[in-house]
There are 2 protein chains.
Amino acid sequence: MDEFELIRRYFSLAHATRSDVTLGIGDDAAVLDLAPGRELVVTVDSLVAGVHFPSDLESQAVGHRALAVNLSDLAAMGAEPAWALLALTLPAADDTWLAGFSRGFFSLAERHGVALVGGNLAHGPLNITVTLQGTLPKGEAITRRGAKTGDLVYVTGHPGDAAAGLQLLQAGNADSGNPCVQRFAYPEPRVAAGAALRGLASAAIDISDGLVADLGHVLAMSGVGARIEVERLPLSRRLLELHGLLQARELALGGGDDYELCFTVPAARVAELETLARTFDCLVTAIGRIESHPGLRLLDGQGREVKLAGHGYRHF
Amino acid sequence: MDEFELIRRYFSLAHATRSDVTLGIGDDAAVLDLAPGRELVVTVDSLVAGVHFPSDLESQAVGHRALAVNLSDLAAMGAEPAWALLALTLPAADDTWLAGFSRGFFSLAERHGVALVGGNLAHGPLNITVTLQGTLPKGEAITRRGAKTGDLVYVTGHPGDAAAGLQLLQAGNADSGNPCVQRFAYPEPRVAAGAALRGLASAAIDISDGLVADLGHVLAMSGVGARIEVERLPLSRRLLELHGLLQARELALGGGDDYELCFTVPAARVAELETLARTFDCLVTAIGRIESHPGLRLLDGQGREVKLAGHGYRHF
């Protein structure tokens, strides 16, 4: 089977079409129409088998994750996703694997109105690189730079669950229906929440390397510090049952792969945020506060500093 | 060295800055400003070591090629390149390799006014995936669909040289200064020519898989056929010296990696094209004509059909 047949079979599925795609798959490049008054927001992420996911992870989850991690980046900017490109490097043209991958990818794409407008198919060690483009009204991007002293720090969902799920998968005794395994395999990017936070959140980031590591980027770029009250962490019951309180906290603070949002909101606008958050399809929890003193302090209920064993994933 | 240090050291080099980059490297995504009246043109290509280039190719050439193949796609649309994202998967953080790669990439980027606005750095088997975005006036993209019966078929440069260069590299006795090796290692994307052809060329494609294979895509998408007069092929003297006439033709027609443009122009506008082409920094040669009968016919000086041994690169 040649690349053109593979593309026809697995990547021409019925999926979201958009009137702003002037020219989609099948030419040297795609041509896209950006509506007046909007800016383009673009991100790229690669998944490598055995590094970003266990090599035997079901391919439907790989397809889902490949798009989800990029949707999550756009969510953290407050952008609305639009157009994806998929660069897929495959060791072989395995029909079963490709059918699952394509199902996972397009199912998530359709839910978020994302059109696949181009890509590349190559032969080699498995590597999935997705470029995702979205848009937002000019000047309204939520960046990592805007956190100010006194802002509250929020997190969506239940951080730590995905890291616990990955541990189960790596131990080889995972029930694929286990909710933590599901959170790792099928993360739910907080796209609607991110877009709703435009004009309200002062800064945001998505949690890929761990809450402490990623919040650290916000602090560094905003030139501030923060305290997190570890007792406020929204630990899920399933995470607590699996690991107990102390280890659950470690996973929530240091484990990666959550693809939840961590964001800051000025104290004066907390009531507004809390009303808005009731419309979200995910939990939103205040876990701390931005402070002028640089660095991140983890405090227990008595205000004593807590130490963390790990500090997020390092790639080299 | 962690990924952040690698990015700081090798990918924060002084390079093209653009006033339309609202937010570049360092956040969850880049924010870009498209000028009114213009459309976005986007493409992605991956290079895999041992598949798209010999594993021992100097890293400066790898960096150059990774961007060049994408610039070539935009050239074939008539677009002006603007913003690149680089997803680099590396087996190890090798300083010498990275310094060369980054030099090759940024040197070409600077020549074409391309700003690197984002990327991803991962650990794994070498894979380089570049996404390139460009722009053009709304409605002016040159596609693969517009070739009409009677149009002339043109090609830029000297197709076949790159394939001959790759053969020399693969045979292990390449002088890196050999012009054919240079054509493979440092292809020159025809960006200015592509943009100048807007409004004049009826269809265009860049030659990555070979002239016959790539022209074949234009014919299929335009619903036409073509004849190529093989004696008109612009074979370089260096190619003829290396391979003799018959093998040189095979390489020019079937060899890949040229990254030249193949395009069609209505017969009534040939004089206009030939005047314009004098301003290009590359040769432009009429090699055949579009015909209504489907398929591609290769004809010798006596109008007899010539057979070709190979038909372009197949990835699986």
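The values are calculated or read from the model by the stated rules, or taken from the named source; none is laboratory data. Owing to the predicted nature of the structure, the values given are computational and were not obtained by experimental measurement. FYI the Cβ positions are ideal-geometry reconstructions off the backbone, even for glycines, and counts take in every protein chain you see. Surface areas here come from the heavy atoms of the whole protein model, side chains and all, with no ligands, DNA or RNA. Shrake-Rupley method; radii C 1.70, N 1.55, O 1.52, S 1.80 Å.
Yes or no, residue by residue, for (1) of a type in the set (Gly, Ala, Ser); (2) more than 14 Å from chain A (Cβ to nearest Cβ); (3) at positive phi:
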{"residue": "B:LEU121", "(1), (2), (3)": "no, no, no"}
{"residue": "B:THR131", "(1), (2), (3)": "no, no, no"}
{"residue": "B:PRO137", "(1), (2), (3)": "no, no, no"}
{"residue": "B:ARG144", "(1), (2), (3)": "no, no, no"}
{"residue": "B:ALA147", "(1), (2), (3)": "yes, no, no"}
{"residue": "B:VAL153", "(1), (2), (3)": "no, yes, no"}
{"residue": "B:HIS158", "(1), (2), (3)": "no, yes, no"}
{"residue": "B:ASP161", "(1), (2), (3)": "no, yes, no"}
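In this structure, B:HIS293 does satisfy being part of a loop (DSSP other than H, G, I, E, B) and modelled with pLDDT of 95 or more. Of the numbered criteria (1) assigned to a helix (DSSP H, G or I); (2) open to solvent by less than 30 Å² (accessible area, probe 1.4 Å), the one A:ALA268 fails is (2).
Could you give every pair whose Cβ atoms fall below 9 Å, whose first residue belongs to region A:167-182 and is over 12 Å from A:GLU58 (Cβ atoms), and whose second residue is of a type in the set (S, T, N, Q) and open to solvent by 60 Å² or more (accessible area, probe 1.4 Å), counting only separations of at least 6 or pairs across chains? Filtered contacts from region A:167-182: A:CYS180/A:GLN167.
Matching residues to (1) outside any strand (DSSP E or B); (2) in contact with a Gly (Cβ under 6 Å, 6 or more places away or on another chain):
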| site | (1), (2) |
| --- | --- |
| A:ILE142 | yes, yes |
| A:THR149 | yes, no |
| A:VAL153 | no, yes |
| A:ALA163 | yes, yes |
| A:LEU166 | yes, no |
| A:LEU169 | yes, no |
| A:SER176 | yes, no |
| A:VAL181 | yes, yes |
| A:PRO189 | yes, no |
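Close Cβ contacts (under 7 Å, 6 or more residues apart or on different chains) running from residues in region B:94-108 that are more than 21 Å from B:GLY124 (Cβ to Cβ) and touching a residue at least 40 places away in the same chain (Cβ under 8 Å) to residues that are surrounded by fewer than 20 Cβ atoms within 10 Å (Cβ to Cβ) and among the hydrophobic types (A, V, I, L, M, F, W, C) comprise B:PHE106/B:LEU13.
Looking at region A:279-289, is at least one residue open to solvent by 50 Å² or more (accessible area, probe 1.4 Å) and over 17 Å from A:THR156 (Cβ atoms)? Yes, there is a match, as at least one residue in region A:279-289 is open to solvent by 50 Å² or more (accessible area, probe 1.4 Å) and over 17 Å from A:THR156 (Cβ atoms). Mind counting the residues in region B:208-233 that are surrounded by 21 or more Cβ atoms within 10 Å (Cβ to Cβ), part of a loop (DSSP other than H, G, I, E, B) and not aliphatic (A, V, I, L, M)? Residues flagged as surrounded by 21 or more Cβ atoms within 10 Å (Cβ to Cβ), part of a loop (DSSP other than H, G, I, E, B) and not aliphatic (A, V, I, L, M) within region B:208-233 amount to 3.
Do we have any residue at all in region B:295-309 that's in contact with a Cys (Cβ under 9 Å, 6 or more places away or on another chain) and either surrounded by fewer than 19 Cβ atoms within 10 Å (Cβ to Cβ) or among the aliphatic types (A, V, I, L, M) (or both)? Steps first, answer last, please.
Our first condition is that a residue be in contact with a Cys (Cβ under 9 Å, 6 or more places away or on another chain); within region B:295-309, this holds for none.
Looking for residues that are in contact with a Cys (Cβ under 9 Å, 6 or more places away or on another chain) and either surrounded by fewer than 19 Cβ atoms within 10 Å (Cβ to Cβ) or among the aliphatic types (A, V, I, L, M) (or both), one finds none in region B:295-309, hence no.
Only a single item in (1) under 30 Å from A:LEU47 (Cα atoms); (2) modelled with pLDDT of 95 or more; (3) charged (D, E, K, R) is not met by B:ARG190, and it is number (1). Selection over region B:169-207 of residues that are open to solvent by less than 20 Å² (accessible area, probe 1.4 Å), in contact with a Cys (Cβ under 7 Å, 6 or more places away or on another chain) and among the charged types (D, E, K, R) gives a count of 0.
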